[in-house]
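J.: If you scroll down you'll find the structure; I have some questions about it.
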Amino acid sequence: MFRTPEKASSESNLTEIALAETPKMNFGNLRNKRKRSEESSCDLTEFKAEIKNMLSTWMTEQGNERKQISSSLKSIEESISFLSAQYDDMKKKMDIIEQEKKRDREYILFLEDKVEDLQKASRKCSMELKNVPKIKNENKEILSTMVTHLSSQLKVDLETKDIKDIYRTSSKADKTPIVVEFSSYILKTDLMNAAKKYNIMNKNNKLNASHLGQQSNSTPHIPL
């Protein structure tokens, strides 16, 4: 004879079986996982903050370096500008000096030409008397008197005022040449022509120191 199973007993058994088969929850492990998760989150936050600080510090240092570089570049630019201005100023001064040197050279050449012209003019109006013995206390007045005495011997109208200058050339010799500078080329030419004519006509008694008023027979040379 079959029995009908009791209903209450079957439900109780099923519940027990289900609970037996369901794995038990480990709350300790959950707490550990939550703790590790919180620690990881904290470490990440600290890492981010550290990276942020490092980046901020690096950017600040880079900014300071850029400022220093900018300041250095500005200083270099100012130095270059100053040196450039100094160079331009020096170049202007050198150009002025070169212009002044050029003008000085031109003026020196002008003076040299002027002196040469004066020397030529002086030589043009000058003559030399050679072989004329020196006399004691000889001076320009005595020398001028010799020349006027010579002109009178040659019948040439010549006065002391017509002699611009007269002197002996520097030398220790007793008969250094006497240089006579006349006031005009015509006077010099007249005297030389007269001397040449006299010597041609008086070959045995050519001009000598006696014609200058000296007691000597030395013959002065008058260039012709």
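No lab work stands behind these numbers, since they all come straight from the coordinates. Note that the structure is predicted; figures quoted are calculated from it, not measured. Cβ: placed from backbone, ideal geometry, glycine included. Neighbour counts: every protein chain shown.
J.: Which of Val115, Val156, Val180 comes first, and how do the rest follow, when ranked by fewest Cβ neighbours within 10 Å?
T.: Val115, Val156, Val180
J.: I need to check one value: relative contact order of the stretch 98-177, counting alpha carbon pairs closer than 8 Å and at least 6 residues apart, in percent.
T.: 35
J.: Oh, and also: Count neighbours as other Cβ atoms within 10 Å of each site's Cβ, and list the GluC sites (Glu not before Pro) in the stretch 103-154 that are DSSP loop with at most 16 such neighbours.
T.: Glu138
J.: Sorting Ser152, Ser171 on the 10 Å Cβ count, fewest up front, what's the list?
T.: Taking fewest neighbouring Cβ atoms as first place, the list is Ser171, Ser152.
J.: If we count every other residue with Cβ under 11 angstrom of Leu129's Cβ, Lys/Arg +1 and Asp/Glu -1, where does the sum land?
T.: +2
J.: Report the gain in length on full extension from Lys206 to Lys130: 0.36 nm times residue separation, minus Cα-Cα distance, nm rounded to one decimal.
T.: Numbers: separation 76, 0.36 × 76 = 27.36 nm, distance 1.35 nm.
Extra length available between Lys206 and Lys130 comes to 26.0 nm.
J.: Continuing with the same structure: How big is D for the stretch 126-212, in µm² s⁻¹ as a whole number, if Stokes-Einstein is applied with the Kirkwood radius of its Cα pairs at 20 °C and 1.002 mPa s?
T.: 161
J.: Here's something else I'd like to know. With 30 Å as the limit, write out which pairs from Lys120/Lys155; Lys120/Lys140; Lys114/Lys175; Lys136/Lys197; Lys134/Lys155 have Cα-Cα distances beyond it, or answer none.
T.: The answer is Lys114/Lys175; Lys136/Lys197.
J.: If neighbour count is taken as other Cβ atoms inside 10 Å, put Val147, Val132 in order from fewest to most.
T.: Val147, Val132
J.: Counting just the Cα atoms, what span does the stretch 63-183 cover along each of its three principal axes? Round to the nearest Å and put the largest first.
T.: The Cα atoms of the stretch 63-183 stretch 110, 30, 19 Å along their principal axes.
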